[in-house]
Structures are given as structure tokens and as C-alpha cells.
1. So how many residues does segment B:12-32 have that are hydrophobic (A, V, I, L, M, F, W, C), out of contact with any strand residue (DSSP E or B) (no Cβ under 8 Å at 6 or more places or on another chain) and not in a loop (DSSP other than H, G, I, E, B)?
2. Would you point out which residue out of B:GLU176, B:GLU136, B:GLU184 is of a type in the set (Asp, Glu), without any contact (Cβ under 8 Å) to a residue 24 or more places away in the chain and over 20 Å from B:LEU20 (Cβ atoms)?
3. What is the residue count in segment A:152-176 for residues that are at the interface with chain B (Cβ under 7 Å from one of its Cβ atoms) and in contact (Cβ under 8 Å) with a residue 12 or more places away in the chain?
4. Report every pair of residues separated by at least 6 positions or lying on different chains whose Cβ atoms are under 8 Å apart, first residue within segment B:36-48 and farther than 15 Å from B:ALA14 by Cβ and within 7 Å of chain A (Cβ to nearest Cβ), second part of a helix (DSSP H, G or I) and of a type in the set (Val, Ile, Thr).
5. Consider B:LEU53 carefully, then state whether it is outside any loop (DSSP other than H, G, I, E, B) and closer than 30 Å to A:ASP103 by Cα.
6. Look at B:SER151 and say whether it is in a strand (DSSP E or B), within 13 Å of the chain's Cα centre (by Cα) and among the hydroxyl-bearing types (Ser, Thr, Tyr).
7. With the structure loaded, tell me whether A:ALA142 is more than 10 Å from chain B (Cβ to nearest Cβ), touching a residue at least 24 places away in the same chain (Cβ under 8 Å) and in a helix (DSSP H, G or I) or whether it fails that test.
8. Go through segment B:68-102 and give me each residue that's among the aliphatic types (A, V, I, L, M) and in contact with a strand residue (DSSP E or B) (Cβ under 7 Å, 6 or more places away or on another chain).
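The values are calculated or read from the model by the stated rules, or taken from the named source; none is laboratory data. Quick caveat, the model's predicted, so the values are computed rather than measured. Quick reminder, even Gly has a Cβ in these numbers, built from the backbone with ideal geometry, and neighbours come from all protein chains shown.
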Amino acid sequence: MHDIVEDTREAMTAALASLVQERDQQVFARLFRFYAPRIKTYLRKLGTDDAMAEELAQEAMLAVWRKAESFDPAKATAGTWIFAIARNLRIDRLRRERRPEIDPDDPALVEDPAPRADEVVAVEQSERKVRAALAGLPPEQAEVVALSFYEDRPHAEIAARLGLPLGTVKSRLRLALKRIRAQIGDFGS
Amino acid sequence: MSASFHPSDELLVAYGAGSLDEATALLVATHLALCPCCRDVVEKVEFMGGVMLDDLPPSDLAADALASVLNRLESPAPRRKAAPVPPALAAFPAPLRTYLGSGLDGLPWQKLSAGMEQAVLLDTGVARARLFRIAEGVAIPEHGHEGMELSLVLQGAFSDHAGHYRRGDVASADGETVHRPVVEGGETCLCLTVTDAPLYLTGLLGRLMNPFLKL
């Protein structure tokens with residue numbers, strides 16, 4: 001069930017993974033041509049003006065190059081890893097806040113008692129299932145999920161924008177996540 | 001041991017999407033360090049972010065965008081050196097450590113009542129994160145909430161009408177919750193608490209204390 005989009009996504013992940021070993025600027029240029037214009041769209045949808053979205057999209061791609069050695073294809077695809085970079089850069093630069101995050105090497109981290117067999121294939125499949133589950137959501141649930149990525153004050157703003165009670169937004173989000181969990185089947189309890 | 005009480009799905013989605021304020025994100029991230037099952041949920045939310053990014057229509061970039069970035073590739077990256085972890089803070093999850101300075105003793109503790117102290121770590125205007133240090137056996141005055149209150153147990157344990165909370169557990173309260181948590185077990189209870197509106201105390205003692213608590 002491979003289509004052009006899937007092929008592109010897998011090729012991007014492979015390209016990013018290759019940067020870990022070989023610092024090839026041509027490979028980076030391919031990643032740039034695909035992701036920089038999409039990061040700019042993401043930032044524009046969050047209300048960032050055109051010039052700042054352009055600047056941050058370039059800066060996010062610079063961070064992709066600099067941080068490439070920490071990319072692990074067993075943990076994320078290129079899209080997911082680059083999304084996290086763009087998200088964090090925006091929080092840092094536009095909201096001027098820190099982004100508290102776990103440190104995978106933290107000795108205080110409580111380990112998963114039953115770690116999954118993490119392989120590149122598993123991540124690709126898992127992400128494909130997330131994509132299929134998202135595509136299968138009822139429109140009103142898909143809407144609140146999508147808006148979750150484009151708001152700063154998550155639930156209140158979504159509720160205001162859609163003219164819905166806050167409780168309705170929250171319950172739609174819960175239902176959406178429940179459905180996605182059920183379809184993926186490998187979520188925690 | 002993994003936690004038994006978790007942040008809501010809405011909070012985990014908002015954390016993964018990047019829309020939480022720093023104080024609330026601090027609590028969620030600290031819980032994540034202690035809860036592999038919520039890490040798994042956030043991982044899936046980030047997959048959703050990746051799917052979303054891949055599917056967005058591309059915007060036009062400046063004509064020299066790629067050339068400009070290629071020119072900067074070899075410029076040295078600003079280095080942030082990881083500070084060594086003070087031994088006193090080793091038991092605290094990494095996301096929280098950053099906010100604790102050299103150790104708990106250096107925090108601006110305020111005594112609230114016998115056996116109960118607080119130290120504000122961060123106030124973003126949207127929400128406030130603070131540590132509560134409460135001695136064994138102390139019952140916190142019954143209180144309600146105008147907004148959200150999330151409490152993550154870092155050490156010791158407490159219970160209220162809804163359950164028994166241990167290290168890693170998150171107790172959630174909202175505008176409808178009135179509770180009277182009691183510290184249990186033979187240990188001082190240390191909690192990271194985030195509120196997005198002032199707490200108000202109910203009951204006679206509570207009403208008398210409200211003006212002093214600056215909650």
C-alpha cells in the first residue's frame with residue numbers, strides 16, 4: 001500500500017538518518033526543499049507573520065543540520081523529529097518560554113517495564129497507523145485535533161473559535177485520542 | 001513503578017502539540033519522566049504532529065532561502081553545556097531540576113501554616129508552578145478551585161476523596177472539586193503543583209487563612 005506520499009516520507013527519514021554519518025549538503029538540500037516550506041506554513045497557521053515564519057523556518061532547518069546526529073530512526077520519522085524542532089524553536093523564540101522536556105539519559109527516568117521491540121519498521125508502521133486513524137476520525141473530532149496544533153491556549157481558544165462549550169472541545173479530543181489508541185493498539189494502558 | 005493517576009488526555013495532547021504554558025508543561029514533563037505509559041501517548045501525539053507537518057501545503061520561501069542556510073551550515077553552533085547535576089537534586093527528574101537551582105534549601109520557601117511550606121518556581125501569568133512541602137500527618141485545609149489545579153507527587157504520599165497518590169501520580173482538580181488532602185506515610189510530602197487561578201479555602205479555618213496564604 002505504498003503511494004508517492006509514503007515513499008517521500010520514507011525517503012526523507014532515510015535522508016535524515018544518513019546525515020548522522022555523512023554530512024552531505026546535497027542530502028540536506030533535499031530535506032530543506034521538502035520541510036522548510038512546510039515549517040513556514042505551520043508557523044503561519046499559528047499566526048506568525050510572513051517574515052518571521054521565513055526566518056524561523058530557515059533557523060529550524062539549520063537546527064536539523066546541527067542536531068542530525070541525535071536523530072534516531074528507531075524513535076521517530078523525519079516528519080515527527082522536525083515537527084518537534086519547529087515546535088520547540090517557536091516556543092523558545094516567539095513565546096520566549098522554556099520547553100520542559102524529558103532527558104532520555106536522565107538517571108531519574110522511570111523505565112518502561114516492558115519495552116517494545118523498537119525498530120525502524122515499527123516506527124514507520126506506528127506512524128502510518130496514526131495517519132490512517134487521523135484520516136478516519138469523524139470531522140468534528142478531526143477538527144479539534146488539528147486545531148490543537150495551531151493554538152497557544154489550547155482548549156479555551158479552540159472552544160472560542162468554534163463557538164463550542166469548553167467541555168465539548170475536551171470530550172471531542174478525548175474521543176479522538178481514544179479512537180486513535182484503539183486503532184493503534186500499542187498504546188500504554 | 002509507573003504512576004496510577006495521570007494528566008488528562010487533553011493535557012498530553014496540548015503538551016505534545018506545544019500549546020501548554022511553561023508552568024503546566026513543566027508538570028507534564030516531570031510526570032513523563034516518571035511514567036512510561038504517558039511518554040508513549042505523547043510519542044503518538046508527536047507522530048500526529050509529524051503527519052500534520054508532512055501533509056501541510058508548502059509556502060513560498062525567499063528565493064535565496066536555501067543558499068542562505070547552506071552558507072550558514074559550517075558556522076559554529078552556539079554550544080550549551082549541560083551543567084553537572086548537584087547530588088542533592090539527583091532524585092528529581094531532569095525537566096524539574098532546571099528550576100531548582102542548587103537545591104531545595106536555596107528555594108524561597110514561605111511558611112503557610114504548621115508543617116506546610118510553599119516555594120514558587122515559576123509564574124507565567126497563565127499559570128503558576130510551585131513546590132509544596134508538607135509534613136507527615138498534616139491535613140491541608142479543605143479548599144476549592146476557581147480554575148485548574150494539578151499536583152504531582154515527588155516524594156511521600158497524600159490522599160483525598162478520590163484516591164491515594166504516590167510518587168509520579170498527578171491529582172487533578174477543577175472548578176467543581178473541593179478537597180481536603182491528607183499527607184500519609186512516614187515521610188514529608190513534596191508536590192509540584194500548578195494552578196491557573198487562585199485557590200480558595202472553604203470552611204471556617206480556610207476562610208480565616210485565605211488572606212494569609214497568598215494562594
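1. So the first thing to find is which residues in segment B:12-32 are hydrophobic (A, V, I, L, M, F, W, C), and the list is B:12-14, B:17, B:20, B:23, B:25-29, B:32.
Now narrow it down to the ones that are out of contact with any strand residue (DSSP E or B) (no Cβ under 8 Å at 6 or more places or on another chain): B:12-14, B:17, B:20, B:25, B:28-29, B:32.
Adding the requirement that they be not in a loop (DSSP other than H, G, I, E, B) leaves B:12-14, B:17, B:25, B:28-29, B:32.
So the answer is 8.
2. Details: B:GLU136 fails: without any contact (Cβ under 8 Å) to a residue 24 or more places away in the chain; B:GLU184 fails: without any contact (Cβ under 8 Å) to a residue 24 or more places away in the chain.
The match here is B:GLU176.
3. Looking only at that region, the number is 4.
4. B:PHE47/A:THR80; B:PHE47/A:VAL130
5. Working: outside any loop (DSSP other than H, G, I, E, B): yes; closer than 30 Å to A:ASP103 by Cα: yes.
Taking the combined requirement at face value, the residue satisfies it.
6. Values: in a strand (DSSP E or B): yes; within 13 Å of the chain's Cα centre (by Cα): yes; among the hydroxyl-bearing types (Ser, Thr, Tyr): yes.
Here the answer is yes, as B:SER151 does meet what is asked.
7. Values: more than 10 Å from chain B (Cβ to nearest Cβ): yes; touching a residue at least 24 places away in the same chain (Cβ under 8 Å): yes; in a helix (DSSP H, G or I): yes.
Criteria met by A:ALA142.
8. B:LEU96
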